[in-house]
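These notes concern the structure reproduced below.
All of the numbers you see were taken from the coordinates with simple rules; none came from a lab. From a predicted model like this one, the values you see are computed outputs, not experimental measurements. Quick reminder, even Gly has a Cβ in these numbers, built from the backbone with ideal geometry, and neighbours come from all protein chains shown.
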Amino acid sequence: MKIVVMKFGGTSVEDATAIGRTAAIVAGRVAIGKSPVVVVSAMAKVTDQLLRAAAASAGGDRSGALAISSRLRSRHRDTACELVKNDAERKTLICWIDEKFDALDEVLRGLAAIRELTPRISDLIVSHGERISSRIVTAAFRERDIDAAHADAREFIITDSEFQKAVPLHEHIEKKTPEKLLPHLRDGKVPVMGGFIASNEAGLTTTLGRGGSDYTGALVGGALDAETIEIWTDVDGIMTADPRVCPDALRVKVISFEEAAELAYFGAKVLHPATILPAVKKNIPVQVLNSRNAACEGTRIISLAPRGKSPFKSIAVKKKVSIIDIVASRMLMSHGYLSQMFAIFDKHKCPIDMVSTSEVSVSVTVDSNSSLPEIAADLSRLADVKYEGKKALVCMVGDDIRGQNGIAAQVFNAIRHINVRMISQGASEINMSFMIDEDDADEAVRSLHATFFQNPDPAVFDVEARKAAIGG
Ligand code: ADP
Ligand code: ASP
Ligand code: MG
């Protein structure tokens with residue numbers, strides 16, 4: 001069996017037209033003898049709206065929350081009606097959708113009375129997005145002669161109980177996923193499941209964190225030893241920068257697992273940062289593809305990508321970052337100081353992105369949504385602490401940056417008009433990052449892009465698309 005896991009993001013299932021395109025792409029894989037497993041996100045923006053409904057309810061705005069739910073109900077019902085023409089199938093599906101929204105409304109009413117939104121309830125509410133989209137997609141596939149079978153991810157994507165950012169329990173997933181999905185595949189069926197959603201060992205619904213459907217795709221691919229994992233999205237692949245920020249970004253044809261992981265971690269939303277690991281473990285190539293332009297070959301992520309002439313492959317930006325300056329005059333040179341400092345971050349489960357030290361001070365960067373005041377309070381027992389938000393981390397990724405002379409000079413020359421607050425270079429061979437004000441980030445990316453992607457290597461980047469765009 002040539003199993004291919006196909007993950008479709010929110011925009012690839014955003015309405016009936018998009019779901020129709022998705023069905024055609026999957027049918028195309030079946031036609032060439034592949035056995036697809038389809039993982040879908042919630043319809044575009046649904047996750048945000050469900051979170052907004054939850055927040056409204058918890059804030060006591062019961063009618064506001066129910067109004068959001070009612071709009072979502074109509075959107076899902078309308079999409080289902082447009083896609084499923086068979087009367088009996090359509091009626092069953094609409095009834096099922098209504099049942100789910102009735103249950104969701106119950107939760108929202110209860111929440112408005114209790115007014116406490118726990119991570120567990122948040123996951124239950126937000127899971128409706130993928131639970132419902134995956135059912136609609138299954139029915140739409142069947143209508144289009146794809147022998148699809150719905151699979152509930154919560155029966156085999158098992159996690160710990162860290163609601164909202166649950167950690168997969170690989171042993172369970174590796175055992176249960178084939179048990180659930182292989183029988184369908186052997187019968188020639190196409191399993192369709194929701195990404196992002198999972199359950200803990202007690203059967204309570206959890207989620208893998210925002211953007212987590214990519215991660216589901218990779219977990220399923222790993223558990224089934226898939227031939228490839230395909231991430232279908234709304235851009236041509238991994239680009240040299242976020243095309244929304246830099247319109248002349250180029251498609252990267254091939255990139256290594258390491259480079260892609262670094263990009264994802266440092267903010268390239270095109271891939272969830274945890275996606276690469278399950279694929280690396282089994283050496284399964286990941287392909288990023290565009291469901292609106294299926295003919296484009298996308299980006300292939302493989303263990304050893306060919307080395308290009310250009311020093312960098314792509315530029316990522318992580319916004320909403322804070323910097324914490326810890327000035328340790330009181331603790332100067334004292335033994336065990338750094339380990340005590342890191343223990344505080346550990347206690348707050350706060351990952352550090354970048355560190356820079358001098359004799360008496362240490363600066364670290366963290367996500368702004370971490371519990372900064374509490375962390376600062378704990379740190380202030382050790383040293384003087386200051387923190388500042390609204391920063392951005394810019395990360396330049398490419399192979400063997402460490403080995404190239406003059407690269408730092410070129411980078412900082414390109415952004416000489418921008419104030420750089422902190423730098424990290426050399427910690428990794430493939431990444432060079434620095435921190436600037438959030439407001440300068442887009443401009444920095446465009447300047448760096450203009451400098452480093454002026455004469456791109458055609459072996460690594462799709463230069464044809466740029467030529468076509470400028471009529472060359
Ligand atoms: P999906 O819903 O399919 O998961 P996402 O919105 O999560 O899609 O990710 C795709 C988006 O990622 C693109 O529309 C693009 O704006 C953004 N993006 C950020 N950095 C990059 C990059 N380097 N290459 C491609 N896309 C990027
Ligand atoms: N729907 C979820 C989100 O928007 C998961 C995903 O699409 O990857 O975060
Ligand atoms: Mg995504």
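Structure values in brief
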{"read-out": "Dipole axis of the chain (+1 Lys, Arg; -1 Asp, Glu on Cβ), positive-most option in Ala31, Ser371, Ala151", "value": "Ala31"}
{"read-out": "Lysines with Cα under 24 Å of Lys349, excluding same-chain neighbours fewer than 8 positions away", "value": "Lys165, Lys269, Lys318, Lys319, Lys320, Lys386, Lys390, Lys391"}
{"read-out": "GluC sites (Glu not before Pro) restricted to region 353-448 and DSSP loop, no more than 10 other C-beta within 10 Å", "value": "Glu359"}
{"read-out": "Least to most buried among Phe452, Phe101, Phe8, Phe342 (fewest other Cβ within 10 Å first)", "value": "Phe342, Phe101, Phe452, Phe8"}
{"read-out": "For Ala149, residues with placed amide H under 5 Å, excluding near neighbours", "value": "Val190, Val192"}
{"read-out": "Charge dipole of the chain about the Cα centre (unit charges at C-beta), most positive-ward option of Thr17, Ile301, Gly406", "value": "Thr17"}
{"read-out": "GluC sites (Glu not before Pro) restricted to region 196-284 and DSSP loop, no more than 11 other C-beta within 10 Å", "value": "Glu201"}
{"read-out": "For Ser314, residues with placed amide H under 5 Å, excluding near neighbours", "value": "Val397"}
{"read-out": "Gyration tensor verdict on the chain (Cα atoms; rounded if a/c is under 1.5, prolate if a/b is larger than b/c, oblate otherwise)", "value": "oblate"}
{"read-out": "Sum of side-chain charges, Thr205 neighbourhood, beta-carbon under 12 Å (Lys, Arg +1; Asp, Glu -1)", "value": "-1"}
{"read-out": "Residue among Ile436, Met1, Thr275 farthest towards the positive dipole end of the chain, charges placed on Cβ", "value": "Met1"}
{"read-out": "Of the DSSP H helices in the chain, those whose Cα atoms cover at least 27 Å axially and whose Kyte score averages -1.0 or more", "value": "62-83, 87-114, 119-143"}
